[in-house]
Structures are given as structure tokens and as C-alpha cells.
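**Q** This is the structure I want to talk about, given as C-alpha cells.
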Amino acid sequence: MDRYGLVILALLEVRLKGADSLILVKGFTILHSGTEKKREAGVAIMLSTSASRALIKRTPINERIIEARFRG
């Protein structure tokens with residue numbers, strides 16, 4: 001993301017259980033939505049530090065849909 005100057009990146013086939021958020025080493029945040037039982041499917045949104053601060057609400061809907069609202 002740094003290399004290409006991206007602020008928000010959508011990810012598919014993430015394969016993490018449940019719906020949660022992770023913070024990575026360089027300050028990037030990953031919001032993910034997956035199945036509760038198996039490590040199948042799953043989607044995620046990777047956010048830069050500035051996008052994380054602008055995040056108002058996130059709603060994991062199912063293993064294929066996640067909704068995020070930002071101030072803008």
C-alpha cells in the first residue's frame with residue numbers, strides 16, 4: 001500500500017475466522033468478516049493510518065460482505 005500510495009484496499013479470500021479487526025506492524029489496520037466455523041471465504045478491508053482515523057462504523061454482514069463508513 002505504501003509503494004502505490006493506497007489508503008484503502010479490498011481483500012478477497014482472506015480465510016480468517018469470525019469478524020474482527022487486526023492492527024499490523026506498520027500501522028495498517030485490517031477489518032475482516034469470515035465464517036465462524038471454518039477458514040473458508042472471507043473478505044477484508046485494509047486501511048492506512050489516516051483511513052483508520054476516518055472510520056466511523058464497520059458492519060460485517062456475512063463472509064462475502066463487509067460494510068465500512070468513513071468521514072469524508
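No lab work stands behind these numbers, since they all come straight from the coordinates. Keep in mind that what you see is a predicted model, and the values were worked out from it rather than measured. All Cβ positions, glycine included, derive from the backbone under ideal geometry; neighbour counts span all protein chains shown.
**Q** Charges only on Cβ, +1 for Lys and Arg, -1 for Asp and Glu: so what's the dipole of segment 8-70 about the Cα centre, in debye to the nearest 20? Before the final figure, lay out each step's value.
**A** On the way: 11 positive and 6 negative charges, 22 e Å.
My answer is approximately 100 debye.
**Q** Per DSSP H run of at least 4 residues, take -39500 (n - 2.57); add these up for the chain, divide by its residues and hand me the 222 nm value, nearest 500 deg cm²/dmol.
**A** Counting only the DSSP helices, I get -2000 deg cm²/dmol.
**Q** Provide the three semi-axes, in whole Å and in decreasing order, of the ellipsoid equivalent to the chain as defined by the square roots of 5 times the Cα gyration tensor eigenvalues.
**A** 21, 13, 10
**Q** Expressed as a whole number of Å, what is the distance separating the alpha-carbon centroids of segment 45-68 and segment 12-38?
**A** Taking the Cα centre of segment 45-68 as reference, the centre of segment 12-38 is 10 Å away.
**Q** Hey, what did the chain get for relative contact order, percent, Cα under 8 Å, at least 6 apart?
**A** Working: 163 pairs, mean separation 20.7, N = 72.
Once normalised by length, the contact order is 29 percent.
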